[in-house]
1. Collect the residues in the range 199-242 that are among the aliphatic types (A, V, I, L, M) and in contact (Cβ under 8 Å) with a residue 60 or more places away in the chain, keeping them in residue-number order.
2. Out of everything in the range 276-300 that is part of a loop (DSSP other than H, G, I, E, B) and within 20 Å of the chain's Cα centre (by Cα), what residue ends up being farthest from VAL223 (Cα to Cα)?
3. Any chance you could count how many residues in the range 82-100 are out of contact with any Phe, Trp or Tyr (no Cβ under 9 Å at 6 or more places or on another chain) and under 15 Å from HIS16 (Cα atoms)?
4. Output the residue which, of all residues in the range 251-271 that are among the aliphatic types (A, V, I, L, M) and part of a helix (DSSP H, G or I), is surrounded by the most Cβ atoms within 10 Å (Cβ to Cβ).
5. Which residue pairs have Cβ atoms under 7 Å apart, sit 6 or more places apart or on different chains, and have a first residue in the range 176-196 that is outside any loop (DSSP other than H, G, I, E, B) and a second that is of a type in the set (Phe, Trp, Tyr)?
Amino acid sequence: MSAEIRHRTVETNGIHMHVAEAGDGPLVVLCHGFPESWYSWRHQLGALAQAGYHAVAPDMRGYGSTYQPEAIEAYTLLHLVGDVVGLLDALGAPNAVIVGHDWGAPVAWHAALLRPDRFRAVIGLSVPFVPRRTARPTTLMPRTDDEVFYQLYFQEPGVAEAELGRDPRDTIRRILYYGSGEARPRALTPGEGNVGMVRRDGGFLTTHQAPATLPPWLSEADVEFYAGEFARAGFRGGLNWYRNADRNWELLAPWADAKVTVPALYIAGDRDLVTAFRGMERLLPGLKMFVPDLRGTIMLSGCGHWTQQERPHEVNAAILSFLRGL
């Protein structure tokens, strides 16, 4: 049973997708978020392989060495779920457990929602399952005369690409530190709000202070890897996911009020800014209403947004315990 990480490219859903994989056995697919890559699962691949699983972490559509379609509308949740279904087909796997972090979490939750025949269980990190709302998402995002929610700032093509791409190494250092547990002194109250805002006369990174030293879970080599990926591939692919918020809302209308019925686990840090987003004070305590087979909610003390990188041992233990219970 090898824990060596292997790399290959597969064809799925009309695109070529780079995947990192380790081990053999039942399939576990690991979906990353923004601005990341397969590399954000570096601590999970070997642990899952050593426990007897086939762990596969793709570069998601628009990232790293995976294809980047030009059209914004080629990055909807239906495309992203379709990519993962096609990945299972390419691997010859009838089904899999799917795990997602950040933007990868909505992909994982919706893969389980739309194709429970292919995804037998789901684990969401940072972002819980968010049921379809009654209005377009962008109309519900916070804004003031001086500031807008960062996902609104990301909507205009070219603006965030130029800012984030100016110095990818500095961008990665700032974003990874800003989202970490080390960047804030206390646990956040779910739904406390007023987080993730961008000044209208500034940019996304103006609120992200560059750290003097990196947090202990992040090395300069890690920063260099991410920076190299984004220097080569750019930020446009990942930003296009945000530009489909309203389109996703339209496309998912047939599944309004549908529940995620497969076994599920939710893991987050108590200093994760996502948990402070508006509405989380109602969603997190009521998650089981929408995910009836939710088998646990784990809040990691002192952990920020980068769950599986900040707390690899706790996350690995939680994933393996959940898998053994299936």
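1. Correct list: LEU218, ALA231, ALA233, LEU239.
2. Going through the qualifying residues, I end up with VAL291.
3. Filtering the range 82-100 for residues out of contact with any Phe, Trp or Tyr (no Cβ under 9 Å at 6 or more places or on another chain) gives 82-83, 86-87, 89-94.
Of the ones still in play, those that are also under 15 Å from HIS16 (Cα atoms) are 82-83, 86-87, 89-91.
Here the count works out to 7.
4. Taking the range 251-271 first, the residues among the aliphatic types (A, V, I, L, M) are 251-253, 256, 258, 260, 262, 264-265, 267-268.
Of the ones still in play, those that are also part of a helix (DSSP H, G or I) are 251, 253.
Values: LEU251: 14, ALA253: 8.
Going through the qualifying residues, I end up with LEU251.
5. LEU176/TRP306; ALA183/TYR177
Okay, residues lined up against (1) touching a strand residue (DSSP E or B) at 6+ places or on another chain (Cβ under 6 Å); (2) within 20 Å of GLY33 (Cβ to Cβ); (3) of a type in the set (Phe, Trp, Tyr); (4) free of Cβ contacts under 8 Å to residues at least 24 places away in the same chain:
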| site | (1), (2), (3), (4) |
| --- | --- |
| LEU125 | yes, yes, no, no |
| THR138 | no, yes, no, no |
| ARG143 | no, no, no, yes |
| GLN155 | no, yes, no, no |
| VAL159 | no, no, no, yes |
| GLU163 | no, yes, no, no |
| THR171 | no, yes, no, no |
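Computed from the coordinates by the stated procedures, all read-outs in this text should not be read as laboratory data. Owing to the predicted nature of the structure, the values given are computational and were not obtained by experimental measurement. Cβ atoms come from the backbone with ideal geometry, glycine included; neighbour counts cover every protein chain shown.
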